[in-house]
1. Could you list all residues from the stretch 154-188 that are part of a helix (DSSP H, G or I), open to solvent by less than 20 Å² (accessible area, probe 1.4 Å) and in contact with a strand residue (DSSP E or B) (Cβ under 9 Å, 6 or more places away or on another chain)?
2. Kindly indicate whether residue 193 is surrounded by fewer than 17 Cβ atoms within 10 Å (Cβ to Cβ) and free of Cβ contacts under 8 Å to residues at least 12 places away in the same chain.
3. Determine which single condition residue 199 fails, assuming it passes every other condition in (1) surrounded by 22 or more Cβ atoms within 10 Å (Cβ to Cβ); (2) more than 28 Å from residue 90 (Cβ to Cβ).
4. When you look at residue 111, is it in contact with a strand residue (DSSP E or B) (Cβ under 9 Å, 6 or more places away or on another chain), within 28 Å of residue 49 (Cα to Cα) and part of a strand (DSSP E or B), yes or no?
5. Just to be sure I understand the filter: pairs with C-beta atoms under 7 Å, separated by 6 or more residues or on different chains, first member in the stretch 113-132 and of a type in the set (Asp, Glu), second member open to solvent by 10 Å² or more (accessible area, probe 1.4 Å). Which pairs pass?
6. Here is a check on your reading of the model: is residue 309 modelled with pLDDT under 90, in a helix (DSSP H, G or I) and of a type outside the set (Val, Ile, Thr)?
Amino acid sequence: MLHPDALPGLKEQIIRRAEADRALLDDLRREVRQLAGHVRVVRPRSSTAISLVASDGGNNKLVFDPFYVQVVRVVDSYGKELLVDVVSPTTDPDSLLERHFTPSGEPRTALGRLMADLGARSLSELSHMIPDGRRVRERPETVSPSWVQVYRDLCEWAVLYERICYQTFATDTLIVRDGLLRSKIFRGERFIRMRERMEVAIERVWREDRRRIYLVGIAKHSQVLTRYGLAMAIEEIFPSGDARYVPVPREMELKAYKWQEWARGAETEEGEAPKFVAGDMFFVRFGPHSGDPIWAVDIFSAQRDRTDEILGHLLADARDGFPIPYYPLCLQRAHEHAQLADFDWQILQDQVLEAIRRLLPDGKQPLLDAYRLRADVTGERYG
């Protein structure tokens with residue numbers, strides 16, 4: 001702990017440092033003032049809202065050292081399970097292909113269809129962040145366990161892709177992704193190719209069925225919003241009275257992101273192709289009050305001219321948001337359906353222990369029970 005005598009000196013240093021850095025805040029305020037003239041009111045519209053989301057990885061980890069199992073589930077806002085798998089860091093990625101392709105090579109899951117359409121014959125060809133099967137088999141100690149999270153994200157993108165490119169729609173539909181429409185997990189230009197195929201599919205649905213399909217991504221946290229949030233509040237960019245939104249210039253995104261390619265969109269004509277971005281960012285406040293939360297929202301770049309419609313469709317759903325106020329209810333419902341918690345989690349955790357029990361030699365099973373009991377007791381006392 002700090003000594004009481006040291007506090008006055010530290011406080012004084014903090015005040016001096018803040019005064020010295022005042023120019024930083026002044027610069028941010030000047031930047032956000034340019035947004036004031038582009039703020040628009042969100043007008044409500046009706047639509048069917050569908051959300052696709054993979055539950056947070058922290059909720060789906062089944063751990064009993066040295067074993068680690070990740071349950072991958074993609075569930076929509078109606079509770080329909082769209083993809084499920086079980087993996088661990090030592091899983092052979094090549095063996096996973098058996099779940100996504102038939103013996104004849106035909107895709108049988110959303111991820112299989114995405115791989116086939118993008119010309120990826122293995123998971124490592126689809127993503128440079130997934131190790132090849134040979135490395136996992138021969139040198140598992142060199143493999144980072146984070147590839148399991150990448151696999152989960154690929155499954156979520158695959159379900160989103162399949163919903164747009166292969167499903168039929170009875171009504172105009174808004175598809176909401178948990179997170180921005182950006183990704184760096186795809187190898188080469190496969191993310192661009194996926195984006196282009198979704199653009200073609202959306203246009204085809206309108207041409208053949210006269211149905212509008214909208215795609216939007218929402219982030220609870222964003223480096224861009226973190227950088228400019230205080231300045232926006234000081235400048236009162238979003239006054240009270242109505243739900244409002246404003247487009248975020250790419251120049252402001254570039255200043256917030258460490259990696260500039262994270263802010264290179266489909267409109268880019270010079271330099272490296274925009275490999276990682278499929279959306280245009282907007283700051284959106286769905287509530288009517290100045291203190292209501294503001295979200296970073298990506299509108300599918302090909303649909304930027306329909307931003308009014310898209311946010312209008314999302315407004316009613318966001319107004320009903322609970323327990324997070326003014327955050328789309330469809331996303332919150334999808335999270336609830338996707339989580340492995342309470343009784344469901346305990347059942348699967350027990351299944352991990354049962355699987356371990358079967359690995360033990362005869363007569364050693366009681367030692368597992370004793371070890372587990374000892375771990376539970378210490379958890380209750382010190383957890």
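The values are calculated or read from the model by the stated rules, or taken from the named source; none is laboratory data. Because the structure is predicted, anything quoted here is derived from the model rather than measured. Cβ atoms come from the backbone with ideal geometry, glycine included; neighbour counts cover every protein chain shown. All accessible areas refer to the heavy atoms of the entire protein, side chains included, with ligands and DNA or RNA removed. Shrake-Rupley method; radii C 1.70, N 1.55, O 1.52, S 1.80 Å.
1. If the condition is that a residue be part of a helix (DSSP H, G or I), open to solvent by less than 20 Å² (accessible area, probe 1.4 Å) and in contact with a strand residue (DSSP E or B) (Cβ under 9 Å, 6 or more places away or on another chain), then 155, 156, 157, 158, 159, 160, 164 are the ones that fit.
2. no
3. So residue 199 meets the others, but not (1).
4. Spelling it out, it is not the case that residue 111 is in contact with a strand residue (DSSP E or B) (Cβ under 9 Å, 6 or more places away or on another chain), within 28 Å of residue 49 (Cα to Cα) and part of a strand (DSSP E or B).
5. Pairs that qualify, where the first residue is of a type in the set (Asp, Glu) and the partner is open to solvent by 10 Å² or more (accessible area, probe 1.4 Å), are 117/197; 125/187; 132/122; 132/124.
6. no
Here is a yes/no grid of residues against (1) at pLDDT 85 or above; (2) more than 29 Å from the chain's Cα centre (by Cα); (3) surrounded by 11 or more Cβ atoms within 10 Å (Cβ to Cβ):
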{"position": "10", "(1), (2), (3)": "no, yes, no"}
{"position": "23", "(1), (2), (3)": "no, yes, no"}
{"position": "31", "(1), (2), (3)": "yes, no, yes"}
{"position": "64", "(1), (2), (3)": "no, no, yes"}
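Conditions (1) surrounded by fewer than 16 Cβ atoms within 10 Å (Cβ to Cβ); (2) modelled with pLDDT of 90 or more; (3) closer than 17 Å to residue 195 by Cβ; (4) among the hydrophobic types (A, V, I, L, M, F, W, C), marked per residue:
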| position | (1), (2), (3), (4) |
| --- | --- |
| 108 | yes, yes, no, no |
| 113 | no, yes, yes, no |
| 122 | yes, yes, no, no |
| 145 | yes, no, no, no |
